[in-house]
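Encoded as structure tokens, the structure appears first; notes follow it.
Computed from the coordinates by the stated procedures, all read-outs in this text should not be read as laboratory data. Note that this is a predicted model, so its numbers are computed, not measured. Backbone-built Cβ (ideal geometry, glycine too); neighbour counts: all protein chains shown.
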Amino acid sequence: MPVDKLYEKAKRLVESRRVEPIGAGIYNVIGDHGTYTVVEDHTGKLSCNCEGFLKKARCSHVAAVIILTKMKGKKLE
Ligand SMILES: [Zn+2]
């Protein structure tokens, strides 16, 4: 998946509120094909348990968490 496509998909996940923090550095992401867990380690590195991440070390779920984290810096309406 091209990076911009991945980003678009990630944005859609965030906008449809399918990214949910379930603990410190742990996020539940409801993807199109299942629910995945994105975990942030002590260095701030994110990882996901989906097949795409295992193969390519990046996926829309991790990207969605990055978008959500960035959004937190802004004031929410
Ligand atoms: Zn993933």
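Data table
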item	result
Residues (over 20 Å from P2 (Cα atoms) and outside any loop (DSSP other than H, G, I, E, B)) located in segment 30-67	I30, T35, Y36, T37, V38, V39, E40
Filtered residues of segment 26-54 (kept if within 17 Å of K72 (Cα to Cα), surrounded by 14 or more Cβ atoms within 10 Å (Cβ to Cβ) and not hydrophobic (A, V, I, L, M, F, W, C))	Y27, N28, E40
Qualifying residue in segment 65-75 (condition: within 14 Å of the ligand (Cβ to nearest atom), of a type outside the set (G, A, S) and more than 9 Å from the chain's Cα centre (by Cα))	no
Per-region count, segment 1-17, residues part of a loop (DSSP other than H, G, I, E, B) and either surrounded by 12 or more Cβ atoms within 10 Å (Cβ to Cβ) or touching a residue at least 40 places away in the same chain (Cβ under 8 Å) (or both)	1
Options A63, A57; residue that is surrounded by 10 or more Cβ atoms within 10 Å (Cβ to Cβ), touching a Leu at 6+ places or on another chain (Cβ under 9 Å) and free of Cβ contacts under 8 Å to residues at least 60 places away in the same chain	A63
Scan of segment 18-54 for residues that are among the β-branched types (V, I, T) and without any contact (Cβ under 8 Å) to a residue 24 or more places away in the chain, ordered by number	I22, I26, I30, T35, T37, V39, T43
